[in-house]
Amino acid sequence: MLLMSKPPEEIIRDEIRALSAYHVPDSTGMVKLDAMENPYGLPPELKREVATLVGGAALNRYPDPAATRLKARLREAMDVPAGMGLVLGNGSDELIQMLMLAAGRPGAVVLGVEPSFVMFRMIATLCGVRYVGVDLRPDYSLDVEHTLAALEAHAPAVVFIAYPNNPTGNLFDARDVSRIIEAASGIVVIDEAYYAFADASFMPRLVDSPNLLVMRTLSKLGLAGLRLGLLAGRREWLGELDKVRLPYNVNVLTQLVAEKVLEHPALLKAQAEAIKAERTRLFGLLRSTGGVRAFPSAANFVLFRVARAAVVFGGLKQRGVLVKNLDGSHPMLADCLRVTVGTPQENTRFVDALTETLNA
Ligand SMILES: *Cc1c(COP(=O)(O)O)cnc(C)c1O
């Protein structure tokens, strides 16, 4: 008997069909300030070392599934407290997915604040886990009372807090975050993707907070192309998460290159310091540009508001500068654009293009 084949709407889950795919615009030939990438490459000497390593890599073999050497380097570079477990991901996006898969019991809820990193909600949806968002206060600080009430009402399996927050750029009050960690009955993940540009971290707090996990990534440090994220915390949590991880998720080249680059912590630190200095300059320029409201940032980007953001976004694009348009993504981000801190030349080009656009 011949079966009639079914259309996608009868096969693909409704919540997946309702999503739009994560959109990455074409940036060929543009000043690319939309994705929080580090604008500085590796110095020529280190590039040559990397090339030699890559040339000698055993590409016919599967990678070390435990990434033992790389983990040892990361523990040191990231000041992971002794005795803590570590799980690596193909970017921290994959770690978010592992958390959803591991904690997504029937009826489980994950909680995030809004506006924040869109992947928390998106990956929850992909994994069939219910997502609850609690709005920040209008000044983008944590609304602790509402968040505590939501913890009580939903008992989320996982709470995600980006520290500093993306796309707002601010660092939440550490006491507010601590109150949430203490009140939560499930896991609290502090996502420190931008730790290198802030002078604060919850990493040392792993020692005295049994339900805390700290997530970091090399993406914003200058290695976005490698795709490497890490999750640190108590072994009783990470041992379970490791079962969800696909065996060879961190490939041979990523392991080799990350190990090598992490031998040079001073280099990454110097690049982060250069970006912080440029952030101060860029923020000052935006502050003194009429019609622009820039929000203070502890990350490697600056959120700013203009009248008719979509038009300004288009004007910048026309002038060869790509930023991120956040207008329409959340009511608190109405007319907001986000610009990554680039090289001094790129930032100057951006500000010139912005001034031209606003005066056009
Ligand atoms: C950029 C970013 C990440 C990074 O994700 P990767 O998959 O590691 O590149 C994670 N969290 C936040 C809040 C980010 O902004």
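The values are calculated or read from the model by the stated rules, or taken from the named source; none is laboratory data. Given the structure is predicted, the values throughout are model-derived calculations rather than measurements. Don't worry about glycine lacking a Cβ; one is built from the backbone with ideal geometry, like all the others, and counts go over all protein chains shown. Note: areas computed on protein heavy atoms with side chains; ligands, DNA, RNA excluded. Shrake-Rupley method; radii C 1.70, N 1.55, O 1.52, S 1.80 Å.
After finding the eigenvalues of the alpha carbon gyration tensor for region 1-64, what semi-axes result from the square roots of 5 times each, listed largest first in whole Å?
Numbers: eigenvalues 364, 123, 20 Å².
Semi-axes, largest first: 43, 25, 10 Å.
Over the Cα atoms, compute the radius of gyration (one decimal) and Dmax (the largest Cα-Cα distance, rounded to a whole number) for region 61-263, in Å.
Every Cα atom of region 61-263 included, Rg and Dmax give 16.1, 52 Å.
On average, how much accessible surface per residue is there in the chain, in Å², for a 1.4 Å probe, leaving out ligands, DNA and RNA? Don't skip to the end; give the middle numbers.
Details: 17160 Å² over 360 residues.
Spelled out: the 1.4 Å probe surface of the chain, per residue, equals 48 Å².
According to a simple spin-label model (label point 7 Å from Cα along Cα-to-Cβ), what is the distance in nm between D176 and D14?
With each label placed 7 Å out from Cα toward Cβ, I get 3.6 nm.
What ranking, highest mean first, results for peptides 236-242, 218-224, 190-196, 53-59 when packing means the other Cβ atoms within 10 Å averaged over each residue? The partial results should precede the final answer.
Values: 236-242: 16.0, 218-224: 22.3, 190-196: 25.3, 53-59: 11.3.
Per-residue mean Cβ counts within 10 Å order the peptides as 190-196, 218-224, 236-242, 53-59.
Determine the share of region 189-289's accessible area contributed by carbon and sulfur atoms, expressed in whole percent, with a 1.4 angstrom probe. Don't skip to the answer; put the middle values down first.
Details: 2420 of 4010 Å².
The nonpolar share, carbon plus sulfur, comes to 60 percent.
Indicate, rounded to the nearest 5 percent, the antiparallel portion of the DSSP beta bridges found entirely in region 61-263. Please report the intermediate quantities before stating the final value.
Values: 10 of 28 bridges.
Taking every DSSP beta bridge with both residues in region 61-263, the antiparallel ones total about 35 percent.
Quick check: residue separation of M30 and R137 times 0.36 nm, minus the Cα distance between them. What number comes out in nm?
Working: separation 107, 0.36 × 107 = 38.52 nm, distance 3.47 nm.
So the chain would gain 35.0 nm between M30 and R137.
Report the antiparallel proportion of the DSSP beta bridges in the chain as a percent, rounded to a multiple of 5. Write down the numbers at each step before the final one.
Numbers: 19 of 39 bridges.
Around 50 percent of the beta bridges assigned by DSSP in the chain are antiparallel ones.
By per-residue mean of other Cβ atoms within 10 Å, what is the highest-first order of 346-359, 143-156?
Values: 346-359: 17.8, 143-156: 16.1.
Ranked from most to least packed, the peptides come out as 346-359, 143-156.
Under 12 Å from the Cβ of Q255, count the other residues' Cβ atoms, weight Lys and Arg +1, Asp and Glu -1, and hand me the total. Write out the running numbers ahead of the final one.
On the way: positive: R61, R69, K71, R73, R227, K260; negative: D64, E259.
Net charge in that neighbourhood comes out at +4.
Run the numbers for A57 and E76: contour at 0.36 nm per residue of separation, minus the present Cα-Cα distance, in nm.
4.4 nm
Using per-residue counts of other Cβ atoms within 10 Å, averaged over each peptide, order 125-136, 83-94 from highest down. Kindly include the intermediate steps, with their values, before the conclusion.
Values: 125-136: 17.8, 83-94: 20.4.
Packing order, densest peptide first, comes out as 83-94, 125-136.
Within straight cross-link reach of K276, meaning Cα distance under 17 Å, which lysines are found once same-chain residues fewer than 8 apart are removed?
Cross-link targets: K220.
Sort out for me the Cα centre separation of region 179-228 from region 46-95, rounded to whole Å.
Distance between centres, Cα-based: 18 Å.
Carbon and sulfur atoms: what percent of the 1.4 Å accessible area of region 1-132 do they account for? Walk me through the intermediate numbers first.
Numbers: 4470 of 8020 Å².
C and S fraction of accessible area: 56 percent.
Gain in length, T355 to H23, computed as 0.36 nm per residue apart minus the alpha-carbon separation, to one decimal in nm? List each step's numbers first, then the result.
Working: separation 332, 0.36 × 332 = 119.52 nm, distance 2.73 nm.
Residue separation times 0.36 nm, minus the Cα-Cα distance, leaves 116.8 nm.
Using only the alpha carbons of the chain, determine the length spanned along each of the three principal axes and report them from longest to shortest in whole angstroms.
The principal-axis extents, from largest down, are 61, 60, 52 Å.
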